1. Using DSSP to define loop residues, name the trypsin sites (Lys or Arg not before Pro) in segment 42-104 whose beta-carbon has at most 15 other beta-carbon atoms within 10 Å.
2. In nm, what is the difference between 0.36 nm times the number of residues separating Ala90 and Ala116 and their Cα-Cα distance?
3. In degrees between 0 and 90, to the nearest 10, how far off the longest principal axis of the chain does helix 6-16 point, with axes built from Cα atoms?
4. Work out, in µm²/s and without decimals, the Stokes-Einstein translational diffusion coefficient of the chain at 10 °C, 1.306 mPa s, Rh from Kirkwood over C-alpha pairs.
5. Please identify every one of the chymotrypsin sites (Phe, Trp or Tyr not before Pro) in segment 580-653 that sits in a loop by DSSP and has no more than 14 other beta carbons within 10 Å of its own beta carbon.
6. Residues with beta-carbon under 12 Å from that of Tyr444, excluding Tyr444: net charge, scoring Lys, Arg +1 and Asp, Glu -1?
7. What is the angle, in °, between the Cα long axis of helix 512-527 and the longest principal axis of the Cα atoms in the chain? Nearest 10 is fine, range 0 to 90.
8. So, in Å, what gap is there between the alpha-carbon centers of segment 458-537 and segment 284-363?
Amino acid sequence: MKRSSSFSHLLFVLLVSVSVGIAAVGPQGRAASPPAPTLRAFRRLVRIVSPVFSPAGGRIAFVTLRVDTVHNRYRPTLWVERLDGGRARALVRGMRTLAEPAWAPNGRTITFLATAASSPPEIYAVAASGGTPRRLSRAPGGVEQYAWSLHGGRIAYVTPDPPRFSSRARRLGRDLFAVHDDDDLITAPPRPSEIWILTLHSGAVHEITHKPTSVLEGAPPIGGSVSAPSWSADGRWIVYTRQRDADDSDTDETTIVAVPASGGTARVLTARRSYEYDPFFAPHGNRVAYLCPHGPGPVSDMDLFVTRLGRRGSHDVSADLDRNIATTYAWMPDGRALVALADDGVRSRLYLQPLRGPGRILPTGGLNPLDLAVSARGAIAFVGDGAARAPELYLLACPGAKPRRLTRFNRIFRHDAWPRSVAVVWHAPDGMLDDGILTYPLGYRPGRRYPLVVFSHGGPEAASTEHFDAGEIGPLRDLFAAHGDLVFEPNYRGSDNLGNAHLHAIYRDPGAGPDSDILAGIRLLEKRGLVDPRRIAAVGHSYGGYMTAWLIGHQHFWRCAVVADGVTDWTEEYELAGAGNMAWTRASLGGSPWNPRSRRLYVTGSPITDAGRITTPTLILSGTADVTVPIAESFALYHALAARHVPVRFLAIPGAYHMPQDPNQLALFYRAIEHWVDRYLAH
């Protein structure tokens, strides 16, 4: 399921990408075979995020993150890499939550967001040649996103409105507030976020958007994300995603609008009033690209649309691509095409999508892109990895060029051996085409049958792909393989990697259809003689946790199960969750729990309805501050099993949202899953 804010969404992506594979056993009899790393070993991984080209295109700034176990946090560093050779240079180390690097238009300064002491994030600047960072913004509520005007001198930033109640009003108990489409952990009125303009030479600021609407700050229900404001080439307009209010479950009620940089009435750029995200002005002219569902309805692939300032209507430029466009995309410098990232089978790919005509895959040398940037010269930088290749930063000098590696932060992993991961394809009983990843145990011997771990990804508009850090599964893919288990990651219907029809097939079919997909994949592996049918575990996080709870309520061959932050009751999800999940539930099930057309599906589609049939030993994990899938749903599943004396353990993660937010908690999270599964599959 989706996250609750832009910062927590980014943090979630960073957290779940902290993993390394487990070194494979070498040829029998060789004492020099590399040892299999433990959970502690994955903390050596250096993550690379947010590459951005200098205005002239000759340098790239980016951020690395390393685990700091002593202080239980992630240690960011801002780097600059010259493309004409030489080593990357570290500019800023140690500032908390350093993120969102951007070049000033003159190319002499790099800005970023960071926190000092206990203050909220602000905009800082440092000379590209090095020096001491200086703070540029003074926003009492902190800065959430920001963007430079193309000619410099001004920065647009997003900041929340002040709290509605004063400390005195709260102290006197005069702080009652109305609740609307908000999560069950809300403790104060929602605060709209607004755009302000900072004029650097004078330090003056002025506000250009105003409540009751808000700049989008919560996770959308289907696709898209929170994005920074985007300036027009002439500096007169700013385009952004406007939400009709600040309530955190109304992130489907979004529209692409442009507001004058000097202030004034915003222009609505399209005819829709919902599910529009991630707008960006073209490098010149008045075109605006954004993401919107392909259809039918919102439960479908997100496509790239293009509209023009001053004209209503838009064009779906990626309609023929039949892939779900990720929020990572960028304009080419001529404004005639865009580069976008999308899942494709068990890979992720870069696509060059012209404004007219079909898109095409860009060669990435077998790498799976994670992030991208485009230069004014038309070069493309991307962070890329593979199932057995740790992430590094790469450069395509032009579309179609061979990728050149720019960094070597993770070279410590290059000599390790890895378990073998392969793509598998099969058909469900109704003919639905599915795929997934099968990872063989270390030391695999043909002819033997092995325990099987079935890991279901979240989303569901996501996919299990052959990334080194493997999304939610983190290090578990390789840890289970090191324990001698097969690991199967099915991309059930609703996944975003096999086209619009495959994704949309989950509409009004949240459990039974995906169940048939997963079981058909398991049967395929059993027919190949790979699986010990007495030792099969079901594991999943978020929507994968929902699928795990569904599977163990409908089949009873499972040896054990892990339900992590999993949905168990659609009515509670609709009534209590934030992060757009009320809208997701309504859109996916075809209405609210009070709609006669959808009312029964809220019951028949909820795993809690069949929890009285569960006999599988189950580990449940949930964050106490999770607004995406409220912990109440985990309590319900726990009591349903404990009351019937089914072996069950329920671990609460203090302060965690939809995944542990610090590295030590994350390690405990993975270790608990590893130990629970190993306990039941080892014999």
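1. Loop-located and lightly packed - Arg87.
2. Length gained, Ala90 through Ala116: 7.5 nm.
3. For 6-16 against the chain, the angle is about 40 degrees.
4. 62
5. Filter output for segment 580-653: Trp594.
6. For residues surrounding Tyr444, the net value is +3.
7. Long axis of 512-527 versus the principal axis of the chain: about 50 degrees.
8. Result: 27 Å between the Cα centres.
Read-outs throughout are calculated quantities, based only on the coordinates presented, and are distinct from any laboratory measurement. It should be emphasised that the depicted structure is a prediction, and the values quoted were computed from it without experimental measurement. As a convention, Cβ positions derive from the backbone with ideal geometry for all residues, glycine included, and neighbour counts pool all protein chains shown.
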